[in-house]
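Heads up: the structure comes next, in structure tokens.
Every number in this text was worked out from the coordinates using simple rules, so none of it is lab data. Being a predicted model, the structure only gives us computed values, none of them experimental. Cβ sites come from the backbone with ideal geometry, for glycine too, and all protein chains shown count toward neighbours.
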Amino acid sequence: MRPLITGETLGWLYILCFSRPVGNVENARAMARHYLGWAGDVRARIAQHAAGRGQHLTVAAVARGIGWEVYYRPGTPALERWLKAHHKNTPLLCPHCASLRGRRPGYGFQPLVQPALPFDSDELPEITIGRMDWLEMQIGAEWRATRIPTPAGLAAIDDLL
């Protein structure tokens, strides 16, 4: 039986930075250079992508022989959804692409050195639950505001706290 995954389940956010664009070469707007995902076990998920059993974009990349670099950080599915919905600029999250543009990468993604398969479990550090960063607090505030009805007269649900 698979464990229950909620928006607050701690796992790993990962970015796949493709070595060349994937998509329709005749339409520049239909090309992708990155994929942002979440996984409880990032090594197993990357192995699924590499085997051609991942998301449609990675299946197309594998079929065309396009390689990728992996960057990761601790995170939740809620943070992944927030980044996909509000950030919409994955190249600025990717350390490789941000450095090519002369910018500092955002949100603390680190390179994952990919060993030969099968993956060894000693490569990723343990996830420690500590203080939330600013982004996680903003996501929590947005989530509370949409899930809990605001009583009349209060500017925001955060006034209750």
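Data overview
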read-out	value
Residues whose placed amide H lies under 5 Å from that of Trp68, excluding near-sequence neighbours	Ser19
Two-decimal log10 I(q)/I(0) for segment 11-125, as the Debye equation yields it once each C-alpha is a single scatterer, q = 0.13, 0.17, 0.20, 0.23 Å⁻¹	-0.48, -0.85, -1.19, -1.51
Estimated vicinal HN-Hα couplings, Hz - segment 77-92 in sequence order (Karplus 6.51, -1.76, 1.60; Gly, Pro = x)	x, 5, 5, 4, 4, 5, 4, 5, 7, 10, 7, 6, 8, 4, x, 7
For segment 58-66, 3J(HN,Hα) per residue [Karplus equation, 6.51 cos²θ - 1.76 cosθ + 1.60, θ = phi - 60°, Hz, x = Gly/Pro]	6, 4, 5, 5, 5, 5, 8, x, 8
Förster radius 25 Å - calculated FRET efficiency between Asp133 and Arg53 (Cβ-Cβ, nearest 0.05)	0.15
